[in-house]
Amino acid sequence: MLKHAVVAVLSFGLVACANLSTQSLFSHYSAANSKAHQAMQQGLYQQAMDVLPDAPAGEILDGMERGRVGFVAGHYPQSFGALQAADSAVKEQQRQARIQVSEGFNQVGSLLTNDNMITYRPADYELGFLHLYLALNYLQQRNLEGALVEVRRANQVQEAAKRQREDELAKAAKEARRKGLDQNLGAVLARYPDVGSALGNIQNGYLFFLSGVLYEADGDLNSAYIDYKRALAVAPDNPFVAETVLRLATRMRMDNDLPALQARYGKYQPPSASTGRVIVFDEQGVVSARDDWRLPIWLTDSRGDGVIYNLTLPYYRTPSNNAFTPLQLNGKPLVDSTVADVDGMARYSLQEDLPMIVLRQALRVAAKNEVRKTAAREANDVGNVLTNIFNTLTEQPDTRSWQTLPASVSIAQQDVAAGHYDLAWNGHQIDVDVQAGRTTMVWVSRQGNQLTGWSVLLGGN
């Protein structure tokens, strides 16, 4: 009888292991990825690439991680290939989502193990960054057309993912009410750390402003103006975004918008025709990794018996404020301003998913408790102990997220005389060529004491 009890429990573990790895069964992603995350924080890009775990969360997350690390390390072909592989996997996942057969099988394994057994689906903001880095790869190859395709796709996939997530949240709330768990969920959510609801936590000002720059370089001023305005809605206090919106509104004679814009930001002062524009995208730090948060909760099983169980949830610790000294353009400090808080986006995304995560945890608590009671009846104390051990070891938080993204992104913008410039920081420098009437875009990433980046000459101002 002991054998039957143990097999009943472990068989579900084997179902889960067939889908992913034992690492996902008895540990979690942040633990497996900790060395790579620490190496990125220190600016040790090649080391981060070398210690990235071998696809512990599947080809989507693995491809995104390798694509981002490869990009900052300057391994552009490898980065491009990894991101394209992740993109292809996302397309296939979305196609399979219409069928839902394989995912139903995964849910069986997760019911008695943990959420790591569920196939990883990237968050909305992660999908945006996937296409953003594909666009940057195309730009680094001097392929503006390819970059434009990716920024268009970024907006489309984020909107589709948002609609799908909203549907799932509604279903989760309905299921919680049907199971009588809504009060338990409310108690957990009330105690969970809050992240706020600023628009910058929901939408990506980095992506909006970059797409505006690319549209403008391609001569599509209407599309550029729309995305610049979206960036301004996310970062209304960013002076460079405001100046850009004012510039295009003035140029395009947007009479409906100009009075309000000028009342808040003043009138646009055009630069000399002999100058060129330098726009710097400055990625700083590394986004926080999810951690383990445990909370005791009281649940009632099918027999009316109460049980206290520790929920194991992912959460974010308070991020450290790693301020970077200014970049230097030809020896002069370059003033910048934040356009995207990636830490905030990651935290808000997790909080949006929390009702579903807590519901699955509550259902799993009840299921595991039923297995424990069955094992206790059939195998006495030994089966009860073994089942408790299995339940405890397999209750791991789902900490999967794109952990090599920057913590924040700032932009800087200057109109300068045509010529050759050096963008420098901490002993590193990037060549910047400026032509009159043209825009030079500079991409840099700073982690630890390291700087990596490149510049590309775009279209007319």
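Taken together, the values in this text are just the output of simple stated rules run on the coordinates, not laboratory data. Bear in mind that the values here come from a model prediction, so they are computed numbers and not experimental data. All Cβ positions, even for glycine, are placed from backbone atoms using ideal geometry, and neighbour counts span all protein chains on display.
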Applying 1/(1 + (r/R0)^6) with R0 = 30 Å to the Cβ-Cβ distance of residue 88 and residue 449, what FRET efficiency is obtained, to the nearest 0.05? 0.25
Highest mean first, how do 131-138, 117-124, 267-274 rank when packing is the count of other Cβ atoms within 10 Å averaged over residues? 131-138, 117-124, 267-274
Residue 263 paired with residue 293, simple spin-label distance in nm, labels 7 Å along Cα-to-beta-carbon: 4.0 nm
Which FRET efficiency, nearest 0.05, do residue 220 and residue 149 yield, Cβ-Cβ r, R0 22 Å? 0.95
Compute the FRET efficiency between residue 95 and residue 436 as 1/(1 + (r/R0)^6), taking r as their Cβ-Cβ distance and R0 = 51 Å, and round to the nearest 0.05. 0.55
Simple spin-label estimate for residue 141/residue 418, 7 Å along Cα→Cβ, in nm, reads 3.1 nm
